[in-house]
Every structure is written in structure tokens, then in C-alpha cells.
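I have placed the structure first, in the form of C-alpha cells, so that the comments after it can refer back to it.
The values are calculated or read from the model by the stated rules, or taken from the named source; none is laboratory data. In this text the structure is predicted, and so the values were computed from the model without any measurement. Quick reminder, even Gly has a Cβ in these numbers, built from the backbone with ideal geometry, and neighbours come from all protein chains shown. Side chains included, ligands, DNA and RNA excluded: accessible areas come from the protein's heavy atoms. Shrake-Rupley method; radii C 1.70, N 1.55, O 1.52, S 1.80 Å.
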Amino acid sequence: MSIRERLSGNEAVAVAMRQINPDVMPAFPITPSTEIPQYFSAFVANGQVDTVFVPVESEHSAMSAAIGAEAAGARTLTATSSCGLALMWEELYVAASDRLPIALALVNRALSGPININCDHSDAMGARDAGWIQIFSESNQEAYDNFVQAYRIAEHKDVRLPIMICQDGFITSHAVENIELIEDDKVKEFVGEYCPENYLLNDNGTMAVGPYAIPAYYMETKRAQLEALKNAKKVALEVAEDFEKISGRKYGLFETYKTEDADYIMVIMGSAAGTGKEAVDELRAEGKKVGLLKIRLFRPFPAEEIVEAIKHVKYIACMDRTESFNAQSGPIGNDIRTALYNAKADCEVINYVYGLGGRDVTVESLKSVYEALMEIEKTGDAGERYRYLSLRD
């Protein structure tokens, strides 16, 4: 039987970490992810896990320690947010290129400046090309479920890459929801023991981690990383299938909501997807054919699969909770447009920037996005294709 609890997203992730019982957790606290290492350090102090907790002096050191521990053969995780992820910047690329399956709980928060401690996706989006797997969570339940699945994906022999499990700062990280936990023994069995093939403390073989790569080898290394990242799509689906057997909860690369007959679709990610679903329900009650696609796996981007799900739609709104400063599109907008172009799909795509720095995302504001798509169909004039939502005059 599952265990019913009321937990914040941060506490839910910390519980998943306890159930996994990793070997090492180096961490430095930063809002709004501070509670994750705080809860977990209590588990360590109380003897509920066998983990070595390493309090470091910065996030850069946290990721450096994680890389060292993982390279030595220890299952390792950490948590951070915002500028903490930015301070890890150099090391994110090292972890990915060294093919180290570190798990990172990323609680999304705006990057400075100006200083802001609230939610947007600028931290994760800045790291989207670092070679990490990125999975986004809509709710506390999903944050927990995604973290339980993380190591099965990252440690798979065809992947062996680090993974970020993302959730929205304060919106899910601190809000308390009813969720269902899986029994400790089932999680332990599901995740399994970590048995790396190559690691520094292996007495039976020698290896180098992070050696200098001359031009004759560097490109091949990057191509191998890419192939491993592409493999993560198939592995994520296989792991989700096994996860459904122990939880009853089904996950895919993305989730579609009332899209089958939709004329207008919103593509969105994170907690605002729940608000978007409410907007869909209200507009459906008015007879409007609207739908929503929520991205779960953002890296690697499931382009072909998403196109197959939305290629019948003529009007699409891509919702980006970050600003890319290219004056053309945000990350989601860019990836969706590229995918549709490559598939020769005939869709009108409008890109919205929304929710920056914790700006409220309401049902009414998202309904206005669908209404704007309907107006484009009515007038035949797309107007500005890169827009801000709920911007004050």
C-alpha cells in the first residue's frame, strides 16, 4: 500500500533521497532549495541513511565534490537553485563530459539581476546545453516520482549522464500538497544498487577522469555524449513503465491534455501546466477546442514525438518562463519551431514569455493566450510572434 502524506516539494524530494540512500551528498544551501539538504542532513544525523554529508563553502565546491565522489564510484547527489547553479557552471560540463550519473535537485529560481528569489526557469534554461538530462515537475508528487526514477535513467549503461530533476521554486518547493509515497523497500528495490563499471577506486583496473583531449579526440567525445543523451529518451520511457508497476502513476516524455481534437494548443512546462489545464477546462466548457501539452523531459528534447502529437494543430502557443535575449524566441519556442520546421508541419507558432521573477500566472492570463490564438485565426494576422504575458504598462 502507498503511504499518504502531506509534504512540500522540497520535503518530498528529501524523502526520495532518503529512500534511495545515496553514498555522498555534498551541498551548500541557497533559497529556495535550502530545505532539501536541511531535511537530508537530519536524516544523516539521525542514522536513517548511510550517506556521507559534505558541507562545503560554495555551490562550485558542491559540484566539484560530487564529481570527485561519483568518479570514485559513489552514488552522489546534491541540490541547488538559481545563482547556485550558475556558480556550478564550469563543473556542470565536467560532470557531463566525464559521463558521471550525478543527480541534482534543481529548485527553479530567477537569476540575478535584479536580485529576485522567486520562480522562473532561467537557471535551468541557462544550463540546458551542458549535456545534462533535464526533467521538469508540475507538482510535489511529480517532483518525488521523478527523483525516484532519476538514477535508473542516469546510471543506465546506454546513458551514464548526470540528471537534473527540476521543480518550481516556492510554488511547489514550499507549498504543501497531499501526495502518495512508495514504501521504502519498494523504492530501494526499484532504484537498485549502484555498480559502476569503471571508477577510480576500482583495484582491478586503472582509468583517468577528465584527461586533456587533443583535437583528434574532442569531437568524438562530444558526439558520444550526444548519442548517450539521445538514448535517455528510450530509457526514460522504460523506467517510467517499471515505475508505473510499483506506483500506478504513468509518465511519458510529455503529457497531452485534451489535444486530440484541439485547434489551439499551449506547450508549457512546470507548475503552470496545472493552471493551464484549468484554463483548458473552462474554455472547453464554452465549446472551444483547446488543449495543452506539458513537457516533462526537456533534455534530450523529444522533438519527433512532440511533433507527432501536435502536428494536426494550426495554432500553437509556446510558453517560456525565461528570457533568452535573442529577440526571436525562448528555448521552448525555438525547439518547437525547429521540430515543426524539420517535420514540414504547417503550424502558426506564437511564443510567450511569462511568469518571470515569480510574476503570477493565473487561469485568466492563460485563457487570454488561447483567445489570442483564436483572434489570429479570425483575422489572419499573427502580429508579433514573440510576446510578453501579463506585462505591466
message: Being open to solvent by less than 40 Å² (accessible area, probe 1.4 Å), among the acidic types (Asp, Glu) and within 22 Å of GLY192 (Cα to Cα) is the requirement here; does GLU70 meet it?
response: yes
statement: Of the residues in the range 137-167 that are out of contact with any helix residue (DSSP H, G or I) (no Cβ under 8 Å at 6 or more places or on another chain) and not in a helix (DSSP H, G or I), the one that is surrounded by the fewest Cβ atoms within 10 Å (Cβ to Cβ) is LYS157
field: All positions within the range 1-18 that are farther than 25 Å from LEU87 by Cβ, outside any helix (DSSP H, G or I) and open to solvent by less than 50 Å² (accessible area, probe 1.4 Å)
entry: LEU7
task: Would you please list the contacts, defined by Cβ atoms under 8 Å and residues six or more apart or on different chains, that run from a residue in the range 348-371 that is on the phi < 0 side of the Ramachandran plot and charged (D, E, K, R) to a residue that is open to solvent by 10 Å² or more (accessible area, probe 1.4 Å) and in a strand (DSSP E or B)?
output: GLU348/TYR315
task: Looking only at the range 19-56, count how many residues are outside any loop (DSSP other than H, G, I, E, B) and in contact (Cβ under 8 Å) with a residue 60 or more places away in the chain.
output: 4
- prompt: Condition test on THR322, is it surrounded by fewer than 21 Cβ atoms within 10 Å (Cβ to Cβ) and among the hydroxyl-bearing types (Ser, Thr, Tyr)?
  reply: no
message: Quick check on my filter: what residues within the range 233-251 are in a helix (DSSP H, G or I) and in contact with a helix residue (DSSP H, G or I) (Cβ under 6 Å, 6 or more places away or on another chain)?
response: VAL235, ALA236, VAL239, PHE243, ILE246
field: Restricting the range 111-136 to residues that are under 16 Å from HIS174 (Cα atoms) and of a type outside the set (D, E, K, R), the residue that is surrounded by the most Cβ atoms within 10 Å (Cβ to Cβ)
entry: CYS119
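Per-residue answers, yes or no, for (1) over 30 Å from ASN140 (Cβ atoms); (2) hydrophobic (A, V, I, L, M, F, W, C); (3) over 18 Å from the mean Cα position of the chain (by Cα):
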{"position": "PRO196", "(1), (2), (3)": "yes, no, yes"}
{"position": "MET219", "(1), (2), (3)": "yes, yes, yes"}
{"position": "LEU237", "(1), (2), (3)": "no, yes, no"}
{"position": "GLY252", "(1), (2), (3)": "no, no, no"}
{"position": "ALA273", "(1), (2), (3)": "no, yes, no"}
- request: Any residue in the range 202-216 that's in a loop (DSSP other than H, G, I, E, B): show its pairings with residues that are charged (D, E, K, R) at Cβ separation under 6 Å, as long as the two are six or more apart or on different chains.
  value: VAL209/ASP98; GLY210/ASP98
query: Can VAL49 be described as open to solvent by less than 20 Å² (accessible area, probe 1.4 Å) and over 21 Å from the mean Cα position of the chain (by Cα)?
result: yes
